[in-house]
Amino acid sequence: MNLNTFRQELATPRTSIQLCIIGIVGGICAASLIIIFRLSVEWLQKLFLPEVNDFGALDPLMRFFLPCIGAIAIVLIAYLTGFKHYRMGIPFVIHRIKHYYGHIPFRTAINQFFGGTLALVSGFSVGREGPSVHLGAFGSSFFGQWLKFPHNSIRILSGCGIAAGISASFNTPFAAVIFVMEVVLREYKIHIFIPVMLAAACGTVLTRIFFGEAQELSFIQFNEFSRWIYIYLIIFGILLGCLASLFNKTLMLVISGFSRINMVRRLLIAGLITGAVGYILPDALGAHFHSAHVLIAQNENIQLLIGVVAAKFLLTIFAIGLGIPGGIIGPVFVIGMLSGVILAFPLGFLLDDVSNLNGSFSLLGMAGLMTAVIHAPLAALSAVMELSYSPEMILPTILVIVPAYVTSTQFFR
């Protein structure tokens, strides 16, 4: 079969061997790019941190200057590539898929790779799923553009790249497929579903070769609890929905309020704010799951947890709102973990010991807050379940994410 015949087959909206092949190849391209991205972040952090994401080990002055230096470096990258190409992240990728069949400009990918690396290394409260989605879509769609595939197949390739990128970033193939279908493409067609699943599988295989089999939340144990607590889970979900609505509204206020300030100043302001908060409260830097879990395990001081949640809430809003390259889901997960433990505290008036519920409520908090912030209940459920290896949490999670979603979408529009 020659290349023209291959292209003609791809133009037909049906499941075919050709679509499966490009799903596999696109997944490998995207996953390889994400693995290089992850290794770059870890290598740079190991140059000055005893452990990856252990920002608390730095002295206070270093915690202040690190985000400031990172912001300056991000500005330099944006200047070299052209400020008009400083558009990136999940919303930008969705826009390109909707209006440009998934064609991702090369310079935006350069900005995302180096800018995202610098943001994560510098301790900004952003997640790596933003760069994963952008770079995954670019790596896969570039392959289709190079071979001049039809526009519809390049759009599918972008979805494949996103699935492979998320899978390679978090080792969650099922959640990656659901995220692409629910958040990015927003359609469920078999001829799209099959190559996306193959791409996610490729991303997972490559990730496990380089980073091992372990899931990022496997250290959190979901403990069963009394059925009467299910009633409290509904209230728990409503409170998470309120928190998510406050988060989204404040984020939009920051975006609109600083829109008239030029990009260089916005990025530098984000660096100064992050550095100032990091100087006082190092636990607020970064967006890593394990550091949040250690904070929960080692501190029974509810006031400290509330302080860290408030600080991370503000740092995430200012980082994302002022244009730091990175994702919103990572910090939302961490805020959800800590908020879940805080909101489990009132149960202490009814139970002798609620410490054994910390793991369960941290996972439920992650799922509920992610649902309410990005309005993706299936993606949230599958992501937390897969990250924690806890299928028994399905029923309690549903009781949390439904009221969280309804509260954020119906009562706080």
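The values are calculated or read from the model by the stated rules, or taken from the named source; none is laboratory data. On a predicted model such as this, the values are computed, not experimentally measured, just so you know. Please note: Cβ atoms are built from the backbone with ideal geometry, for glycine as well, and neighbour counts cover all protein chains shown.
Determine which single condition residue 84 fails, assuming it passes every other condition in (1) in a loop (DSSP other than H, G, I, E, B); (2) without any contact (Cβ under 8 Å) to a residue 40 or more places away in the chain; (3) not aromatic (Phe, Trp, Tyr). That leaves (1) as the condition not met.
Results for (1) crowded, with 22+ Cβ neighbours inside 10 Å; (2) in contact with a helix residue (DSSP H, G or I) (Cβ under 9 Å, 6 or more places away or on another chain); (3) in a helix (DSSP H, G or I), shown as yes or no for each residue.
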position: 160; (1), (2), (3): yes, yes, yes
position: 167; (1), (2), (3): yes, yes, yes
position: 180; (1), (2), (3): yes, yes, yes
position: 206; (1), (2), (3): no, yes, yes
position: 224; (1), (2), (3): no, yes, no
position: 227; (1), (2), (3): no, no, no
position: 239; (1), (2), (3): no, yes, yes
position: 242; (1), (2), (3): no, yes, yes
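Return yes when residue 5 is at pLDDT below 90 and more than 20 Å from residue 202 (Cβ to Cβ) and no when it is not. Answer is yes for this residue.
Table: residues versus (1) crowded, with 24+ Cβ neighbours inside 10 Å; (2) in contact (Cβ under 8 Å) with a residue 24 or more places away in the chain; (3) assigned by TED's automatic domain parsing to the domain that holds residue 273; (4) more than 24 Å from residue 230 (Cβ to Cβ).
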site	(1), (2), (3), (4)
303	no, no, yes, yes
315	yes, yes, yes, yes
326	yes, yes, yes, yes
340	yes, yes, yes, no
350	no, no, yes, no
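Confirm whether residue 241 is in contact with a Ser or Thr (Cβ under 6 Å, 6 or more places away or on another chain), assigned by TED's automatic domain parsing to the domain that holds residue 313 and under 22 Å from residue 292 (Cβ atoms). When the stated conditions are applied, residue 241 passes them. Of all residues in segment 82-134 being among the basic types (Lys, Arg) and in contact with a helix residue (DSSP H, G or I) (Cβ under 7 Å, 6 or more places away or on another chain), which is farthest from residue 181 (Cα to Cα)? Applying the filter and picking the extreme gives 107.
Can you find a residue in segment 120-132 that is part of a helix (DSSP H, G or I) and of a type in the set (S, T, N, Q)? The answer is yes; a qualifying residue exists. Quick check: anything in segment 406-413 without any contact (Cβ under 8 Å) to a residue 60 or more places away in the chain and in a helix (DSSP H, G or I)? Within segment 406-413, one or more residues are without any contact (Cβ under 8 Å) to a residue 60 or more places away in the chain and in a helix (DSSP H, G or I).
Please enumerate the residues belonging to segment 252-268 that are of a type outside the set (Val, Ile, Thr) and either over 19 Å from the mean Cα position of the chain (by Cα) or within 14 Å of residue 310 (Cα to Cα) (or both). Answer for segment 252-268, where residues must be of a type outside the set (Val, Ile, Thr) and either over 19 Å from the mean Cα position of the chain (by Cα) or within 14 Å of residue 310 (Cα to Cα) (or both): 253, 256, 257, 258, 259, 260, 262, 263, 265, 266, 267, 268. Scan segment 47-58 and tell me whether some residue there is of a type in the set (A, V, I, L, M, F, W, C), under 24 Å from residue 123 (Cα atoms) and in a helix (DSSP H, G or I). Checked segment 47-58: at least one residue is of a type in the set (A, V, I, L, M, F, W, C), under 24 Å from residue 123 (Cα atoms) and in a helix (DSSP H, G or I). Here 145, 112 are screened, and the one residue that is surrounded by fewer than 19 Cβ atoms within 10 Å (Cβ to Cβ), of a type in the set (S, T, N, Q) and either modelled with pLDDT of 85 or more or assigned to a helix (DSSP H, G or I) (or both) is 145.
For every residue, the table says whether it meets (1) at pLDDT 90 or above; (2) over 20 Å from the mean Cα position of the chain (by Cα); (3) not aliphatic (A, V, I, L, M).
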position	(1), (2), (3)
23	yes, yes, yes
38	yes, no, yes
57	no, yes, no
88	no, no, no
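Rundown of residues vs (1) free of Cβ contacts under 8 Å to residues at least 40 places away in the same chain; (2) crowded, with 22+ Cβ neighbours inside 10 Å; (3) over 18 Å from the mean Cα position of the chain (by Cα); (4) within 25 Å of residue 245 (Cβ to Cβ), yes/no style:
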residue	(1), (2), (3), (4)
356	no, no, yes, no
360	no, yes, yes, yes
364	no, yes, no, yes
369	no, yes, no, yes
374	no, no, no, yes
378	no, no, no, yes
389	no, no, yes, no
392	no, no, yes, no
398	yes, no, yes, yes
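Scanning segment 97-153 for residues that are of a type in the set (Phe, Trp, Tyr) and touching a Lys or Arg at 6+ places or on another chain (Cβ under 7 Å) turns up 101, 149.
Scanning segment 40-87 for residues that are under 15 Å from residue 265 (Cα atoms) and among the aliphatic types (A, V, I, L, M) gives 69, 71, 72, 73, 74, 75, 76, 77, 78.
Taking segment 97-133 as the range and being touching a His at 6+ places or on another chain (Cβ under 7 Å) and without any contact (Cβ under 8 Å) to a residue 40 or more places away in the chain as the test, the residues that pass are 105, 107, 108, 109. Of all residues in segment 352-394, those satisfying the criterion of being touching a helix residue (DSSP H, G or I) at 6+ places or on another chain (Cβ under 8 Å), farther than 26 Å from residue 163 by Cα and either outside the structural domain of residue 235 (by TED's automatic domain parsing) or not aromatic (Phe, Trp, Tyr) (or both) are 354, 357, 358, 360.
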